[in-house]
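Reviewing the structure listed below.
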Amino acid sequence: MPNPVIMLVDDDQSVLDAVDRDIRLKFGQDYRILKATSGAAALELLKKLQQRNEVAALFLTDQRMPQMTGVEFLEQARPLFPDAKRVLLTAYADTEAAIASINKLQLDYYLMKPWDPPEDHLYPILQDMLEDWRSNVRLPFEGIRVAGTLWSPRSHEVKDFLARHQIAYQWLDVDLDAHSRSLVEAHSNGVLKLPVIFFQDGSVLVEPEIQALAQKVGIQTTASLPFYDVVIVGAGPAGLSAAVYGASSGLNCLVIEKQVPGGQAGNSPKIENYLGFPAGLSGMDLTRRAVTQARRFGAEIISTQHVTGIRLQDMYRVVTLSNGMEIVCKAVLLATGAAFRRLEVPGIEQFIGAGVYYGAAYTEAAYYKDQPVFVVGGANSAGQGALFLTRFASKVTMLIRRDVQESSKYLVDAEAANPKIERLFNVEIQEIHGKPGKLEEIVILHRLTGEKATLPGSAMFVFIGALPQNDIIKDLVILDNKGFVLTGRDLLKDNQLPKEWPLERDPFMLETSVPGIFAAGDVRFGTNHRVASATGEGGIAIAAIESYLKTL
Ligand SMILES: Cc1cc2nc3c(=O)[nH]c(=O)nc-3n(C[C@H](O)[C@H](O)[C@H](O)COP(=O)(O)OP(=O)(O)OC[C@H]3O[C@@H](n4cnc5c(N)ncnc54)[C@H](O)[C@@H]3O)c2cc1C
């Protein structure tokens, strides 16, 4: 963090230079001294400081200046840095104006010119004020600041992206904080666009695309080579595990992720059943470790790039990205996992990302402190979400469609023992009410009694199962009737390989109906939808791919 600023303003260059020299001598070590010859020029400098999240400690300005008086400057500078000390430099004739402004703008002091010797007339006064400023000021957060509203889906998207990449940021709620609002308005040209992201280097992104944000924070978004041994689509546990095993075996691996690494597991506040972590570990922690490990072995991982298709070209597989780029490789691993099943309730769309969240308990929980919230679903992911939310919310009501929970016993026991959790069985949601983008209450129906009830709540976190993410390959490889990818022996029907299979040899383990295209994890038929299965399959897929490469 750069030193706090002392801003000096005087239209008389010789006086400005003299005060600058004296102040620099005494305070130059601990403060950055900026000077301007007019109030307008000083205000411009202050706005830049504000953008860079720097801080001003003291303004010292001459009163008598042609376009803008010292008092006028201090008035306008105040909203920018409300805590900065304000000192007016006056001639004897201006003491009236100085005294008047003590009350009007809470002037901290007025100094009479000349101030010689500074050891008597300048330093003790400023020293005292600066000490007072230091003991009361809250120094700004060093890092990225995201200004938005809790009820804005775009703000949620940005927060989620930064949180899942474990990039620290400060949240500025423009609905709750006038200072944040004025900061945002300075970049809005009359139309308030949110979120606005302020970086330490002074640059600002207004309502950015996630890819632009990714590039700005230094996340790799494009492949560095045109050709790889293996392209892995999806950076959930299966894809990341394949990257670790592939790269450590010497294969040139590229992992392409459309959002952020971690996949569904990245949404898990605590994975308690993963081998080797007796106290559990969060999905984000697991992801961070896996990404580091994969990169250490030389795997390349790119985020915010959507694979839109795969085509065959002789012995090569060509992967197309949403930006039009094509990447050629010898083998592809589909590790696209599954996506949250959507809740179907009339009018829900207006609340998505703004009160209704799919699996985002992690990112949003803290914003619902002391408020009642809902969790929809009763399985493991819902239970984890509910338990995590109780750290913040006043009450968590779990809405479960059936009369039993398909969940691990340790989670069911923890839910039952938690006084903040209420579980309602045999219920479904009929209506969602609130203002645009702000959830207020829901209407539920008891499926056995037909009774309806209205429950107040500020947010709803939905965990009602997952659907395979198969859109890029559904016309290329054989799927089961639920859309999961068939691989290896699961392709056999009556002990016969399907007619689409073109080779003499049998498919390798985890190989799909297209040679050289493999699948692992939640997108695959026959997996058991667990982190350990996905990571195991990622490793097995690499062994199978190595066997395949030997056949080329
Ligand atoms: C909230 C929650 C809690 C859970 N808790 C546990 C737990 O405690 N223990 C446990 O064992 N399991 C848990 N699970 C299940 C576990 O997370 C999954 O089984 C596991 O993540 C599956 O891994 P995967 O790599 O196959 O797929 P995913 O984790 O779904 O990852 C797939 C990745 O592929 C990306 N992708 C998809 N399509 C494309 C495309 N076209 N281009 C580029 N990228 C694409 C996705 O964005 C995603 O990042 C939990 C799941 C959830 C949702």
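The values are calculated or read from the model by the stated rules, or taken from the named source; none is laboratory data. Here the structure is a predicted model, which is why all the values come from computation and not from measurement. Backbone-built Cβ (ideal geometry, glycine too); neighbour counts: all protein chains shown.
Evaluating Asp30 against the criteria (1) farther than 21 Å from Gln106 by Cβ; (2) under 42 Å from the mean Cα position of the chain (by Cα); (3) of a type outside the set (S, T, N, Q); (4) not in a loop (DSSP other than H, G, I, E, B) leaves one unmet condition, (4).
Restricting Leu172, Leu194, Leu130 to those that are out of contact with any Ser or Thr (no Cβ under 7 Å at 6 or more places or on another chain) and not charged (D, E, K, R) reduces the list to Leu130. On inspection, Leu455 does not qualify as under 30 Å from Pro498 (Cα atoms) and not in a loop (DSSP other than H, G, I, E, B). Filtering Val146, Val158 for residues that are touching a Lys or Arg at 6+ places or on another chain (Cβ under 7 Å), farther than 30 Å from Asp17 by Cα and either β-branched (Val, Ile, Thr) or in a loop (DSSP other than H, G, I, E, B) (or both) leaves a single hit, Val146. Scanning region 228-286 for residues that are under 18 Å from Arg317 (Cβ atoms), away from the ligand (no atom under 12 Å from the Cβ) and in a loop (DSSP other than H, G, I, E, B) returns Leu251, Asn252.
The set of residues from region 176-211 being over 30 Å from Asn3 (Cα atoms) and either in a helix (DSSP H, G or I) or touching a residue at least 60 places away in the same chain (Cβ under 8 Å) (or both) comprises Ile210, Gln211. Residues in region 358-397 that are more than 17 Å from Ile442 (Cβ to Cβ), buried (at least 18 other Cβ atoms within 10 Å of the Cβ) and of a type in the set (Phe, Trp, Tyr) were compared, and the one that is farthest from the ligand (Cβ to nearest atom) is Phe392.
Filtering region 287-297 to residues that are among the hydroxyl-bearing types (Ser, Thr, Tyr) and within 11 Å of the ligand (Cβ to nearest atom) leaves only Thr287. Can you pull out every residue in region 212-227 that is within 14 Å of the chain's Cα centre (by Cα), part of a loop (DSSP other than H, G, I, E, B) and under 10 Å from Ser303 (Cα atoms)? The answer is Ile219, and nothing else.
Note on region 343-390: residues that are in contact (Cβ under 8 Å) with a residue 24 or more places away in the chain and assigned to a loop (DSSP other than H, G, I, E, B) total 16. Taking each residue of region 315-335 that is over 24 Å from Ala543 (Cβ atoms) and of a type outside the set (D, E, K, R) and looking for partners that are within 12 Å of the ligand (Cβ to nearest atom) and in a loop (DSSP other than H, G, I, E, B) with beta-carbon atoms closer than 7 Å, six or more apart or interchain, yields Leu321/Gln305; Leu321/His306; Ser322/Gln305; Ser322/His306; Asn323/Gln305.
Only a single item in (1) more than 32 Å from the chain's Cα centre (by Cα); (2) away from the ligand (no atom under 16 Å from the Cβ); (3) part of a loop (DSSP other than H, G, I, E, B); (4) at negative phi is not met by Arg401, and it is number (1). Exactly one residue out of Ala520, Ala532 is within 16 Å of the ligand (Cβ to nearest atom), at pLDDT 95 or above and surrounded by fewer than 18 Cβ atoms within 10 Å (Cβ to Cβ): that is Ala532.
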